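Read through the structure below, which is laid out as structure tokens, and then see the notes.
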Amino acid sequence: MRRPSPYILVDDYGAIELNTPAVTDSQVRDVEQAAAAVVAGNSPIEIIFVSGDEIAGLPLRKMPQREGTIRVIRIGQLDWSACGGTHCRATSEIGLIKIIGAEKIRGHALVKFLAGSQALADYNLRFSVTDSLAKSLTCHPSDLVGKVERLVTENKQLRKDLTHAQRELLPSRARELSAMAVAAGTSIVVAELVPNVDSGLLSPLATLVANEMNGVALLACEGRIVIATTEACGLAADKLAREFGQIAGLKGGGNTRVAQLGGGDDKKFLEYKAKFLSVVQGG
């Protein structure tokens, strides 16, 4: 790892851009341990002023570009830097140092870190979260990752099983919804909010409903709206979606038989329903 460029300071963390494209987790941990050792060593931090002739004999990380008297910060035997900024009197004043991540910027690795009160506040937050989760899941914090991974896997399987069960029930659900049809001009329309339906099943359900009554179906769930039509009803789903989307402030698309719109609000469904019925009646 080569020498770092100047620090980047932001409100939430400090960062150093390195002249290397990436760092490994192992390097990060090694540097973190080395930094902690320097802090614990309580090396004195001295401010000295040297002339241009004297500075050439100092082991500076980077030679300054200006001439005349130079302010140099010496950290024990560890580091010499030309710097005009504020510094601690000894390394122990830095306190806790924690590297919180690394990312790529301008082709270089940017290492982010917290120090002192920021690092302590971050530790307190993470302790509070992990402690609360460990108590909720009745496990030790060291077991949290495995516990959460198992819960995520189980949840995925349960959702898969639920989707399968809902798919099996689609025909009967379609018949129930078809019984709620209303007239809009010369068309028969079902426009209903169907909560607790897997979003991937909304389109086939709307298609089944439209076919069941040979009309137009609009079904909504969790902000997603699907419109389905049949050839015999004489209306195109994509055309209805465009017209309805314009007056409802929604965007989407599809084909003549099935179209969908996103970004809806289930709380506004009655408003959507009234607008859609007016579009169908006018079509």
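The values are calculated or read from the model by the stated rules, or taken from the named source; none is laboratory data. Computed from a prediction, not measured in an experiment: that's the story for all the values here. Here Cβ is always computed from backbone atoms with ideal geometry, including for glycine, and neighbour counts include all displayed protein chains. Remember, those area values only see protein heavy atoms, side chains included, never the ligands or the DNA or RNA. Shrake-Rupley method; radii C 1.70, N 1.55, O 1.52, S 1.80 Å.
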Note on Y123: of the conditions (1) out of contact with any Lys or Arg (no Cβ under 8 Å at 6 or more places or on another chain); (2) at pLDDT below 95; (3) not aliphatic (A, V, I, L, M), unmet is (1)
So, in the stretch 95-144, exactly how many residues are of a type in the set (S, T, Y), in contact with a Leu (Cβ under 9 Å, 6 or more places away or on another chain) and more than 15 Å from Y13 (Cα to Cα)? 1
Per the filter on the stretch 84-116, residues basic (K, R) and part of a loop (DSSP other than H, G, I, E, B) are R89, R106
Would you tally the residues in the stretch 27-82 being basic (K, R) and over 21 Å from K112 (Cα atoms)? 4
Please go through the stretch 163-173 and give me each residue that is part of a helix (DSSP H, G or I) and either on the phi > 0 side of the Ramachandran plot or open to solvent by 90 Å² or more (accessible area, probe 1.4 Å) (or both), ordered by number. H164, R167, E168
Being in a helix (DSSP H, G or I) and more than 16 Å from A184 (Cα to Cα) is the filter here, so list the residues in the stretch 215-238 that pass it. E231, D238
Any residue in the stretch 67-83 that is in contact with a helix residue (DSSP H, G or I) (Cβ under 7 Å, 6 or more places away or on another chain), without any contact (Cβ under 8 Å) to a residue 40 or more places away in the chain and open to solvent by 50 Å² or more (accessible area, probe 1.4 Å)? yes
Among the residues in the stretch 145-162, are any over 23 Å from L270 (Cβ atoms) and surrounded by 14 or more Cβ atoms within 10 Å (Cβ to Cβ)? yes
Please go through the stretch 48-89 and pick out each residue that is touching a Gly at 6+ places or on another chain (Cβ under 9 Å) and closer than 19 Å to V38 by Cα. I73, G76, L78
Report yes if V72 is assigned to a strand (DSSP E or B), of a type outside the set (D, E) and modelled with pLDDT of 90 or more, otherwise no. yes
With the structure loaded, tell me whether S178 is at pLDDT 90 or above and either over 30 Å from E17 (Cα atoms) or touching a strand residue (DSSP E or B) at 6+ places or on another chain (Cβ under 7 Å) (or both) or whether it fails that test. yes
